[in-house]
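Q: Structure provided below as structure tokens; questions to follow.
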Amino acid sequence: MAPRPAGLDAVFAALADSTRRAIVARLAIADATVLELAAPFSVSLPAISRHLKVLERAGLIARSRDAQRRPCQLRVGALTEVTAWAEHTRQAWEARFDRLEEYLATTAAPPTPPPSPARRRRGRTTPESRR
């Protein structure tokens, strides 16, 4: 399955911000309201709301209405696309490295054996033999 590039662009752009990644991580634990999501951050509620809109446009979260509450939920579909893309890319690189390894194995010269002790002694020079 080839993921939609435009969808991936939106997801990666949304996840490029650390605040939004933290919100996604929090929603992976449980649904939360805007106030609950804003609590750990030292930014305004409108700023958190803007982050949530980016995540919602990317398909990472969904917001619903429950009386006065507006809980946010994590949507796994977009993360599944990212996982599929990453897995496809990983497999492609592994295949490339396997082909490179095979190629290098066919072109590499056989290792030369170390010289025998007799050859090593004959090749040595001493300060006296250099004179």
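The values are calculated or read from the model by the stated rules, or taken from the named source; none is laboratory data. Everything quoted here is computed from the prediction, not taken from an experiment. Ideal geometry is used to build each Cβ from the backbone, glycine not excepted, and the neighbour counts take in all protein chains shown.
Q: Any residue in segment 68-87 that's more than 14 Å from R57 (Cα to Cα): show its pairings with residues that are part of a strand (DSSP E or B) at Cβ separation under 8 Å, as long as the two are six or more apart or on different chains.
A: R70/R63; P71/A32; P71/R63
Q: Turning to a different aspect of this structure: Of the residues D17, D9, D31, only one is among the charged types (D, E, K, R), over 15 Å from R63 (Cα atoms) and surrounded by 13 or more Cβ atoms within 10 Å (Cβ to Cβ); which?
A: Answer to the check: D17.
Q: Taking V54 and the conditions (1) buried (at least 16 other Cβ atoms within 10 Å of the Cβ); (2) β-branched (V, I, T); (3) farther than 22 Å from G7 by Cα, which numbered condition does it fall short on, given that it satisfies the others?
A: (3)
Q: Separate question: Assess whether S116 counts as being closer than 30 Å to A38 by Cα, loosely packed, with under 12 Cβ neighbours inside 10 Å, at pLDDT below 95 and out of contact with any Leu (no Cβ under 6 Å at 6 or more places or on another chain).
A: Here the answer is no, as S116 does not meet what is asked.
Q: From the list A67, A92, which residue is surrounded by fewer than 16 Cβ atoms within 10 Å (Cβ to Cβ) and on the phi > 0 side of the Ramachandran plot?
A: Result of the check over A67, A92: A67.
Q: Looking only at segment 16-48, which residues are touching a helix residue (DSSP H, G or I) at 6+ places or on another chain (Cβ under 9 Å), more than 26 Å from T80 (Cβ to Cβ) and not in a loop (DSSP other than H, G, I, E, B)?
A: L35, A38, L45, A47
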